[in-house]
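Below is one structure, written out as structure tokens, with a few remarks after it.
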Amino acid sequence: MTLNTIFLILPGGWEWIIIVLAILLLFGGRKIPELMKGLGQGMKEFKKARNEASDDKHKKEEETGDNASK
């Protein structure tokens, strides 16, 4: 896929404005902070799980590396 094709897929300035207005109409102004809070918590939990998985992987690599050298 070329760079020009990628730019055709991404929404531009007016498209973003229309998307935001549609979201406001669908959910209302009061519901959006709750949605953003939930999204933030979800991202926080995802990062935490990713870091834990990465730490576990590094610990296992260290353990297998230590056992192989003994």
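The values are calculated or read from the model by the stated rules, or taken from the named source; none is laboratory data. All of these numbers come straight from a predicted model, not from anything done at the bench. Reconstructed Cβ throughout: ideal geometry from the backbone, glycine too, with neighbour counts over all protein chains shown.
Every test in (1) over 20 Å from the mean Cα position of the chain (by Cα); (2) outside any helix (DSSP H, G or I); (3) surrounded by 10 or more Cβ atoms within 10 Å (Cβ to Cβ) is passed by residue 29 save one, and that test is (3). With the condition kept exactly as written, say whether any residue in the stretch 45-58 is of a type in the set (A, V, I, L, M, F, W, C) and at pLDDT below 85. The answer is no; no qualifying residue exists.
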